[in-house]
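The values are calculated or read from the model by the stated rules, or taken from the named source; none is laboratory data. Please read these numbers as outputs of a predicted model, since none were measured by experiment. Here Cβ is always computed from backbone atoms with ideal geometry, including for glycine, and neighbour counts include all displayed protein chains.
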Amino acid sequence: MSQRFIIFFSLLIASFSAMADLQLRFGLYTSDKPSDMVKQFRPVLNVLEKDLALKLKKTVKIKLKITNSYEKSIQNLVNGKVDFARFGPASYVLSVQKNPKIKILVNEKNRQQKKFSGAIVVKADSGIDSLAQLAGKRFAFGNKNSTTGRYFAQFRLQENGIKAKDLATFDYLGRHDSVAALVSAGRYDAGSFKEGTLRKFEKKGVKFKILSTYPNVFKPWLARAGLDEKVFKAIQVSLLSFNDQNALQRLKRDGFVAGSDSDYKLTRMTIENNRQFFE
Amino acid sequence: MSRAISVKRYIPFHSRGWSLVKQVLVSISLVIILLAIGANLVIRNIETSYLNQLLEAESERTTNLVAQAALEGIISEDIPHLQTIVEQVGATSPSILSISIFSYDHKELANWSREQSLHLKQFVVWRKSVVLEGEEFGYIVIHWRTDLISQQVDKHVNYLSYLVLGVVIVVGLVSFLLIHWLVIKPIQRINHDLSHFQQNDSVILNNRPMSKYSAIELLNLSQSVNDLSQLWNHNRQRERRLLHEVELRKEAEQELVYSRDNLQREVAKKTQELRQAMKNAKKANHSKSTFLANMSHELRTPMHAILSFSRFGLLKYDSVNQDKLKSYFANIHESANRLLLLLNDLLDLAKLEAGKMELNIMSNDICMVSKNCIVEMEAAMEEKSLSIEWHCSSKELLGKFDRLRVAQVIVNFLSNAIKFTPEGKKIYLKLESVDNNIQLAVHDEGIGVPCGEYDTVFERFVQSSNSEAKIKGTGLGLSICKEIIEKHQGKIWAEASEKGGAAFKFQLPRAS
């Protein structure tokens, strides 16, 4: 009994000590392993906390809110359960469809290293050399709301004459690394995932064959509808002037640039045309 | 006079209390018990600490494993994933009572608990925060049951305690046997020797050799006791001799004291006797002087009267008439009679004092003798118109006495009564038997004897102060009476009479 009381008391103290003048919640979905996501974003958020504190003249605490599905993250942003979030282009488009007051804070900038945003991949020894050969094959997509994991891949397959009905089977596995893992394991003949996941598996010694790649897309950082304008501006200014190289290196980005809804026309169009893939 | 010489025992031997064996046995038992208890406590402490460390390590390892496994799920709040993890971990470890995973804001994400956890009260709680990159995403709470650990501790402790107890008992037993062999037994032997010595005081100790394994100190002690006992015997003999001498001296001293006291008493007695003799001598001398003075006076007075009246007769025989001459001769005759009476009394007294008066003691009736005396004195009583009342308690009272001398005493009593009783009064003569004596008493209604003179009236030439001026007498009558009665082994005395005057009494032995 006493031990439970001590735990409760220590938690209470910890809660109070963790309180800050301004608490912000930053939303992510698990496009990768959650721990990898934390390692990727936490350094940026730490720097951002300090910068915002200087700008807003109050202590700022940014709490990560990572969901295991795109839908939940989108719903959190739409409902204002998170103050700002980093989504993929498709998720942005879907979020704005649900709440048009969601605004773009910045876009991630990654022009130097990144060659493409994602790819349709098979195992190197699969004997498949073109998209056309995927007819009758098992295909693994990422999340249903993923730009590179689903929409771009299905769009590209559709461009090459492969529709859903042409595939022997297909599934949405959620995370990019899940898709890469099962394709490498032979559970699926082909899969679509982002470039970062491809590089990671290749480093582990897994050999893939790229059948097709998609062009780079912007990854937006979004603010919920109704976020305090001062806070919005502060975040935006901080991110645009963000130059902590260690944090950016963890994020695998060069920095942030101003973004606008027009940056996502292609994505919006791809989503809108996606139903043709299933016809 | 012989006295038993008491031998004082100087070495105290106690039969009460615990023997050395018992004390050592109890001490070793106590040590064994204390060691067993202490070992039990130490073992329990060590075992508990060790098992707690094991539990802690296992708990930490398990908690870390859970934290590691649940890391991704906690970060993304993947509840099904977390629930699967807690159920799998809970099922694999019987020591886990419950696992709960909470988000950073204390929302329970997953929970698993064993059914019996509600009934168990022995458990510890471990909490592990899931922190990554400095941010806490949640925490894991695991309840570990400790009753299994306690049972394990009890089992190990009991096993080790029995082992330690066995070892301690063996060590204690061996220690006791060694102590008994090396210490107790030699001490018991010394004690036995001393006890034997004490009970048989002067008996020489049994010089049994000590074991060669005995300690030097005990060997020395045994030797010292032997030496001491020999010295003791020597001293005891010397002491006995001294005591005997002291007793003899004491006896001699007591006898000396006794003799001294006797001597002192004898000296005191003799001194007293001498003083009394001197007093008596002085008194006798005084009595003699008084007697001579009285005698001179008593003899000179009638002699002077005789000489005077005879000279008157010679000178005046031719000038005075016949009546005058007759009165001269009558006075000469009266003085001569008085002189004769005095000389008779003196003669009687001298005889009595010299023991030359022979008594003709035989059985006589005092009643008869007293009646004859009354007859003898009737004329004198008639002259003073005195009456006498005679009373005897029986018809006859026989006593052993000289009839004439006792009659002399009775006549003297009656004569004195007649002298000192006024005319017309009464005299009483009473006879009775008292104890084994016959008693005669003559009471008168005269002037009596002053108090304090009842003893002195029996002295020579002493008369009552009431009578000296008026009553004539030799002052020897009662002295003669006293001598006569005492010669008969009787008793004579005077006292105040209930009739108003004096009472003179004597007692004589009854005739058997």
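Considering every residue within segment B:102-124, establish whether at least one is at pLDDT 90 or above, within 9 Å of chain A (Cβ to nearest Cβ), surrounded by 16 or more Cβ atoms within 10 Å (Cβ to Cβ) and assigned to a strand (DSSP E or B). The answer is yes; a qualifying residue exists. Would you check if there is a residue in segment A:86-100 being surrounded by fewer than 22 Cβ atoms within 10 Å (Cβ to Cβ), in a loop (DSSP other than H, G, I, E, B) and modelled with pLDDT of 90 or more? Yes, that holds for at least one residue. For segment B:56-84, a residue qualifies if it is hydrophobic (A, V, I, L, M, F, W, C) and within 14 Å of chain A (Cβ to nearest Cβ), and the qualifying residues are B:Ala67, B:Ala69, B:Ala70, B:Leu71, B:Ile74, B:Ile75, B:Ile79, B:Leu82.
Mind checking which residues of segment B:382-394 are touching a strand residue (DSSP E or B) at 6+ places or on another chain (Cβ under 9 Å) and surrounded by fewer than 19 Cβ atoms within 10 Å (Cβ to Cβ)? Result: B:Ser387, B:Ile388, B:Glu389, B:Trp390, B:His391, B:Ser393, B:Ser394. All conditions but one from (1) over 60 Å from the mean Cα position of the chain (by Cα); (2) part of a helix (DSSP H, G or I) apply to B:His143; the one that does not is (2). Based on this model, can you work out whether A:Phe193 counts as more than 30 Å from A:Phe242 (Cα to Cα), aromatic (Phe, Trp, Tyr) and not assigned by TED's automatic domain parsing to the domain that holds A:Ile74? No: the conditions fail for A:Phe193. Within 18 Å of the chain's Cα centre (by Cα), away from every other protein chain (no Cβ under 14 Å), of a type in the set (S, T, N, Q) and over 24 Å from A:Ser241 (Cβ atoms), is that true of A:Ser91? It is true that A:Ser91 is within 18 Å of the chain's Cα centre (by Cα), away from every other protein chain (no Cβ under 14 Å), of a type in the set (S, T, N, Q) and over 24 Å from A:Ser241 (Cβ atoms).
Condition check ((1) touching a Ser or Thr at 6+ places or on another chain (Cβ under 9 Å); (2) at pLDDT below 70; (3) assigned to a loop (DSSP other than H, G, I, E, B)) across all residues:
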| position | (1), (2), (3) |
| --- | --- |
| B:Phe461 | yes, yes, yes |
| B:Asn466 | no, yes, yes |
| B:Gly475 | no, no, yes |
| B:Ser479 | no, no, no |
| B:Trp493 | no, no, no |
| B:Gly500 | no, no, yes |
| B:Lys505 | no, no, no |
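A single member of A:Thr147, A:Thr169 is farther than 22 Å from A:Leu94 by Cβ, touching a residue at least 24 places away in the same chain (Cβ under 8 Å) and of a type in the set (Val, Ile, Thr), and it is A:Thr169. Name the pairs: first residue in segment B:391-405 and closer than 25 Å to B:Leu359 by Cβ, second residue in a loop (DSSP other than H, G, I, E, B), Cβ to Cβ under 7 Å, at least 6 apart or on different chains? Pairs that qualify, where the first residue is closer than 25 Å to B:Leu359 by Cβ and the partner is in a loop (DSSP other than H, G, I, E, B), are B:Leu398/B:Ala511; B:Gly399/B:Ala511; B:Lys400/B:Ala511; B:Phe401/B:His488; B:Asp402/B:Leu359; B:Asp402/B:Asn360; B:Arg405/B:Leu359.
Report yes if A:Asp125 is on the phi < 0 side of the Ramachandran plot, more than 14 Å from chain B (Cβ to nearest Cβ) and assigned to a loop (DSSP other than H, G, I, E, B), otherwise no. So A:Asp125 passes the test. Comparison of B:Ser202, B:Ser195, B:Ser214 shows that the only residue that is touching a helix residue (DSSP H, G or I) at 6+ places or on another chain (Cβ under 9 Å), at pLDDT below 80, hydroxyl-bearing (Ser, Thr, Tyr) and surrounded by 13 or more Cβ atoms within 10 Å (Cβ to Cβ) is B:Ser214.
Here is the figure for segment A:42-77: residues that are part of a helix (DSSP H, G or I), in contact with a Ser or Thr (Cβ under 7 Å, 6 or more places away or on another chain) and either in contact (Cβ under 8 Å) with a residue 60 or more places away in the chain or more than 19 Å from A:Lys219 (Cβ to Cβ) (or both) total 8. Filtering segment B:277-302 to residues that are loosely packed, with under 15 Cβ neighbours inside 10 Å and over 16 Å from B:Leu342 (Cβ atoms) leaves B:Ala277, B:Met278, B:Lys279, B:Asn280, B:Ala281, B:Lys282, B:Lys283, B:Ala284, B:Asn285, B:His286, B:Lys288, B:Ser289. If the condition is being assigned to a strand (DSSP E or B) and closer than 13 Å to A:Ile104 by Cα, then segment A:209-234 contributes A:Pro220, A:Trp221, A:Leu222, A:Ala223.
Being assigned by TED's automatic domain parsing to the domain that holds B:Glu58, surrounded by 19 or more Cβ atoms within 10 Å (Cβ to Cβ) and modelled with pLDDT of 90 or more holds for only one residue in B:Leu97, B:Leu82, and it is B:Leu82. Would you check if A:Val179 is out of contact with any Lys or Arg (no Cβ under 9 Å at 6 or more places or on another chain), in a loop (DSSP other than H, G, I, E, B) and within 26 Å of B:Ser76 (Cα to Cα)? Against the criterion (out of contact with any Lys or Arg (no Cβ under 9 Å at 6 or more places or on another chain), in a loop (DSSP other than H, G, I, E, B) and within 26 Å of B:Ser76 (Cα to Cα)), A:Val179 does not qualify. For segment B:135-170, a residue qualifies if it is away from chain A (no Cβ under 11 Å), free of Cβ contacts under 8 Å to residues at least 60 places away in the same chain, touching a helix residue (DSSP H, G or I) at 6+ places or on another chain (Cβ under 9 Å) and under 30 Å from B:Leu71 (Cβ atoms), and exactly one does: B:Arg145. Quick check on A:Val183: is it surrounded by 20 or more Cβ atoms within 10 Å (Cβ to Cβ) and over 27 Å from A:Gln75 (Cβ atoms)? The answer is yes for A:Val183.
Yes/no matrix, rows are residues, columns are (1) over 16 Å from the mean Cα position of the chain (by Cα); (2) charged (D, E, K, R); (3) farther than 21 Å from A:Ser73 by Cβ; (4) modelled with pLDDT under 95:
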{"position": "A:Arg111", "(1), (2), (3), (4)": "yes, yes, yes, yes"}
{"position": "A:Ala124", "(1), (2), (3), (4)": "yes, no, yes, yes"}
{"position": "A:Ser146", "(1), (2), (3), (4)": "no, no, no, yes"}
{"position": "A:Ala153", "(1), (2), (3), (4)": "no, no, no, yes"}
{"position": "A:Arg156", "(1), (2), (3), (4)": "yes, yes, yes, yes"}
{"position": "A:Ile162", "(1), (2), (3), (4)": "yes, no, yes, yes"}
{"position": "A:Tyr172", "(1), (2), (3), (4)": "no, no, no, yes"}
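Given the conditions (1) modelled with pLDDT of 85 or more; (2) not in a helix (DSSP H, G or I), and given that B:Ser327 satisfies all but one, which numbered condition is not satisfied? B:Ser327 satisfies all of (1) modelled with pLDDT of 85 or more; (2) not in a helix (DSSP H, G or I) except (2).
I'd like to know if segment B:407-428 contains one or more residues that are assigned to a loop (DSSP other than H, G, I, E, B), assigned by TED's automatic domain parsing to the domain that holds B:Lys499, under 60 Å from the mean Cα position of the chain (by Cα) and surrounded by fewer than 19 Cβ atoms within 10 Å (Cβ to Cβ). Within segment B:407-428 (the criterion being assigned to a loop (DSSP other than H, G, I, E, B), assigned by TED's automatic domain parsing to the domain that holds B:Lys499, under 60 Å from the mean Cα position of the chain (by Cα) and surrounded by fewer than 19 Cβ atoms within 10 Å (Cβ to Cβ)), the answer is no, since none of the residues qualifies. Out of A:Lys55, A:Lys39, A:Lys50, A:Lys65, one residue alone is more than 29 Å from A:Gln97 (Cα to Cα) and at the interface with chain B (Cβ under 9 Å from one of its Cβ atoms). It is A:Lys39. Scanning segment A:128-154 for residues that are in contact with a helix residue (DSSP H, G or I) (Cβ under 8 Å, 6 or more places away or on another chain) and surrounded by fewer than 21 Cβ atoms within 10 Å (Cβ to Cβ) yields A:Ile128, A:Leu131, A:Ala135, A:Gly136, A:Lys144.
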